[in-house]
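First comes the structure, then the notes that go with it.
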Amino acid sequence: MIISGNNPLHVQQAAEALCAGDLLGLPTETVYGLAADASNEKAVAKIFEAKGRPSNHPLIVHVATAEAVNRFVSEVPDFAIQLMTQFWPGPLTLILPRRPDQAAAAAGGQNSVGVRCPSHPVALAVLNACAAKGVWGVAAPSANLFGRVSPTSAAHVQSEFGDALLILDGGECDVGIESTIVDCTRGVPVLLRPGQISRMQIEQACGLKLVSPESLDSEAPRASGTLASHYAPSAKVRLMSSADWHKALLALGPHTQNLALWSQEKPAEELKGAGLFWRAMPVSADQAAHDLFSVLRDFDARGVRTIWIETPPDTPEWEGVRDRLNRAAA
Ligand code: TXA
Ligand code: MG
């Protein structure tokens, strides 16, 4: 059932559901989350079950304030404090050492925990209402079945989990791709997942160079969003240069069938077969991130079998989108 994030009574109802151990479709500025009380083991188990996600894949704990982090985390290095000060509330998740007696199930049993304070006003309203009832953290992975495309609207969440799930409608997500994740447990900041907040912004905020996980020899923490194949629609996705899709369309001629193209340049009418769906890829990276998952879902809904996507520019602001596209195509 979808209820309105603009209605304070519905926000209260959503918080009560979480405090009672139920699941909730929660809007955030990045993507919708499938939320549960992070300290309630049974509630957290429902998330893993509903998503079909292995229970050792850790979840992010969402908090209303930076202070609430101390309830879950044993130690916060200075550079992590600088990152929180600069980017919270906002689309940044920090991995920090976990208090051994807190949120073990949500953390997938790891001795670290991911924490994030989202900026979406409806998410903050829910988190504050939960905190007022003594629930300080809300675990929420993206509200999609394991390995599938993340949801950026209440309708997307409903199409994943059906009408039985309570979903708080907060409109379309602004950012559109998941939060940037920085591991702060290794003495230096390590970028686990790129997002709207860029490498450069993080390095400037904390005055340290970001390290990539490959350059560390110890075993990297499990992160399903970092598996090679993820964010995959049902159709096959292929990344192609503009020259390559032009050539391939020419070769297909009028026989194009069940094919979709997401590109900055519009294909010429004579290149468009009857069965080609085209959507414009925005020239702004932020706008492309905003559109990405809903474009993939829209193509899937049209029964397309193949999706061609123009390889985005190789510039820093496109890193988050490039990362999701590479995984969708893997
Ligand atoms: O924007 C977002 O981060 C969204 C919204 C709902 O907040 N959430 C999200 O959650 O993307 P999820 O579960 O789909 O992705 C979280 C990623 C996973 O790849 C998970 O493995 C990683 O964060 N993660 C969480 N806790 C971790 C930990 N302790 N160590 C390493 N990775 C962790
Ligand atoms: Mg996810």
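The values are calculated or read from the model by the stated rules, or taken from the named source; none is laboratory data. The structure presented is a predicted model; accordingly, all values stated were derived computationally and were not measured. Positions of Cβ are generated from backbone atoms using ideal geometry, with glycine treated the same way; all protein chains shown enter the neighbour counts. The protein model used for the area step is the full one, side chains on, heavy atoms only, and it has no ligands, DNA or RNA in it. Shrake-Rupley method; radii C 1.70, N 1.55, O 1.52, S 1.80 Å.
Observations, loosely collected:
- Considering only Cα atoms, the convex hull volume of the chain works out to 125 Å³ per residue.
- Proximity of backbone amide H atoms, modeled 1.01 Å from N, is registered between residue 281 and 263, 264 at under 5 Å, excluding neighbours fewer than 5 places apart on the same chain.
- Computed [θ] at 222 nm, helices only, for the chain once each DSSP H run of length n ≥ 4 contributes -39500 (n - 2.57): -9000 deg cm²/dmol
- Per residue value of the accessible surface for the range 236-329 (all protein chains in place, 1.4 Å probe), Å²: 49
- The lysine pair count for the chain, using Cα distances under 22 Å and pairs eight or more places apart or on different chains, is 9.
- Portion, in percent, of the accessible area of the chain that falls on carbon or sulfur, probe 1.4 Å: 51
- Amide hydrogen neighbours beyond the local backbone of residue 3, cut-off 5 Å, H modeled: 167, 168, 169
- By DSSP, the beta bridges lying fully in the chain are antiparallel in about 40 percent of cases.
- Residue (of 72, 295, 234) at the positive-pole extreme of the chain, dipole from beta-carbon charges: 234
- In sequence order, the range 198-206 has phi-based couplings of 8, 2, 4, 4, 5, 5, 5, 5, 10 Hz under the Karplus curve 6.51 cos²θ - 1.76 cosθ + 1.60, θ = phi - 60°, and Gly or Pro positions carry x.
- The range 257-328: trypsin sites (Lys or Arg not before Pro) in DSSP coil with no more than 12 other Cβ atoms inside 10 Å: 302
- Dipole of the chain computed with +1 at Lys/Arg Cβ and -1 at Asp/Glu Cβ about the Cα centre; of 11, 267, 208, farthest Cα towards the positive end is 267.
- Helix 8-19 and the longest principal axis of the C-alpha atoms of the chain enclose an angle of approximately 70°.
- At q = 0.15, 0.16, 0.21 Å⁻¹, base-10 log of I(q)/I(0) for the range 236-329 (Debye sum, equal scatterers on each alpha carbon): -0.53, -0.61, -1.04
- Heavy-atom accessible area, probed at 1.4 angstrom with all protein chains present, ranks 246, 62, 255 as 255, 246, 62, highest first.
- Inter-label distance, residue 278 to residue 238: 1.8 nm, where each label sits 7 Å from its Cα along the C-beta direction.
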